[in-house]
Amino acid sequence: MNKNSLLSMQDLSAEQILSILGDAKSFNSSHKDWQLPKHNALVANLFFEASTRTHFSFESAEYQLGCKVADFNASTSSVTKGESLYDTVKTFEAIGYDAVVIRHPKDEYFKELENINIPILNAGDGAGNHPTQCLLDLLTMYNEFKDFKGLNVVIAGDIQHSRVAASNKQALEKLGANVFFAGPEEWQREGYPTMDFDEACKWADVVMMLRIQRERGASLANMSDEEYLEKYGLNDRRYQMMKENAIIMHPAPVNRGVEIANHLVEAKKSRIFEQMSNGVLVRKAVIKRAFGYEPF
């Protein structure tokens, strides 16, 4: 597999993570107009799951870097005839594409692609990994706090089904942050230390909310949205418990009025839409890295 692929946060050392964040920050300032020296690089976006932010921020990053972009549609492809993921990706490699971005519902789908030679950028696999979402989360925290060592982060909600929780745990612990989790007992995950959410809201510098991933089978019997918000979500009472300089994050899409009260999505402490902006910068940095260019 290409050494510049990005499949999991486990692929990156702390130094490599900080290097990518440095390039992302440069893309927001001194290298805003930088484009890939490889003219009209071909990139295919292969999304086998629905996506708005990840899909279109990758596409925005690709166009800004001067790439030629193909959006793959599984429902009109040979996947409907039984073609394997490997053969689909190998086809894009064979017909001249320089890199692929893949989101797939199967955990660690990339283990099937070890004989692919072009860079693969993982845009999310099952409940396993979401490295570029993690990197944009890290950039948002870094912009706010300038360091990760000793940073207190609570990730709350549907932990069991969340690739965001998994990737952030790996990276934040590697960078020296303190990470705890909160949410329904049914969605706890082995090896993920938990904390009472009320206490976590007083303790945390970062409160990251997660939605209920119903598409992966998550449900709480006989609990209304209002009851979930009161018991497990970020409501006004918990917002008032937060530290003065603490921030709210969410990978989105946001289910307003479920995991977070509607009016808190754009509250003073919220960085949810800033995260989305940072997603384009991070994905530009990751694409630059995929093509083998050194950090700025």
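The values are calculated or read from the model by the stated rules, or taken from the named source; none is laboratory data. Source: prediction; values computed, not measured. Every residue, glycine among them, receives a Cβ derived from its backbone with ideal geometry; neighbour counts consider all protein chains shown. Side chains are part of the model used for accessible areas, which takes the heavy atoms of the whole protein and leaves out ligands, DNA and RNA. Shrake-Rupley method; radii C 1.70, N 1.55, O 1.52, S 1.80 Å.
Rounded to the nearest 20, the size of the Cβ-charge dipole of region 113-162 about its Cα centre is 160 debye, with Lys and Arg at +1 and Asp and Glu at -1. The fraction of accessible area contributed by carbon and sulfur in the chain is 46 percent, rounded to a whole number (1.4 Å probe; ligands and nucleic acids excluded). Just flag the GluC sites (Glu not before Pro) in region 256-295 sitting in loop per DSSP whose Cβ has no more than 16 other Cβ atoms within 10 Å. Answer by residue number: Glu266. With the Kirkwood sum run over all distinct C-alpha pairs, region 254-296 has a hydrodynamic radius of 12.5 Å.
Calculated accessible area for the chain comes out at 43 Å² per residue, all protein chains present (probe 1.4 Å; ligands, DNA, RNA ignored).
Mean residue ellipticity at 222 nm, helices only, the chain: -10500 deg cm²/dmol; runs of at least 4 DSSP H residues each add -39,500 (n - 2.57), and the sum is divided by the number of residues. Label positions at Asp198 and Thr76, each projected 7 Å from the Cα along the C-beta direction, are separated by 5.4 nm.
In terms of packing, defined here as the mean over residues of other Cβ atoms within 10 angstrom, the peptides 28-37, 10-19, 226-235 line up highest first as 226-235, 10-19, 28-37.
Taking the Cα centre of region 223-296 as origin, sum charge times position over the Cβ atoms of Lys and Arg (+1) and Asp and Glu (-1), and report the length of that vector in debye to the nearest 20.
Roughly 440 debye for region 223-296.
For the chain, the Cα-based Rg and Dmax, in that order, read 19.1, 56 Å. Annotation: extensible slack from Ser30 through Asn117 equals 28.1 nm (criterion: 0.36 nm per residue apart, minus Cα-Cα distance). Under 5 Å from the amide H of Leu234 lie the amide H atoms of Ile260, Ala261, each residue being 5 or more positions distant or on a separate chain, with H modelled from the backbone and absent for Pro and chain starts.
With the simple model of a label 7 Å out from the Cα in the direction of the Cβ, Thr91 to Lys38 spans 2.2 nm. Under a model in which nothing but the beta-carbon of Lys, Arg (+1) and Asp, Glu (-1) is charged, the chain shows a dipole of about 680 debye around its Cα centre. Compactness of region 169-296 is given as radius of gyration and Dmax, 16.4, 53 Å, from Cα positions. Just the number, please: Stokes-Einstein D of region 44-181 in µm²/s, Kirkwood Rh from C-alpha pairs, 25 °C, 0.890 mPa s. This corresponds to a translational diffusion coefficient of 150 µm²/s.
Taking Ser26, Ser162, Ser77 as the candidate residues, the one with maximal mean-square fluctuation in a Gaussian network model of the chain, Cα springs under 10 Å, is Ser77.
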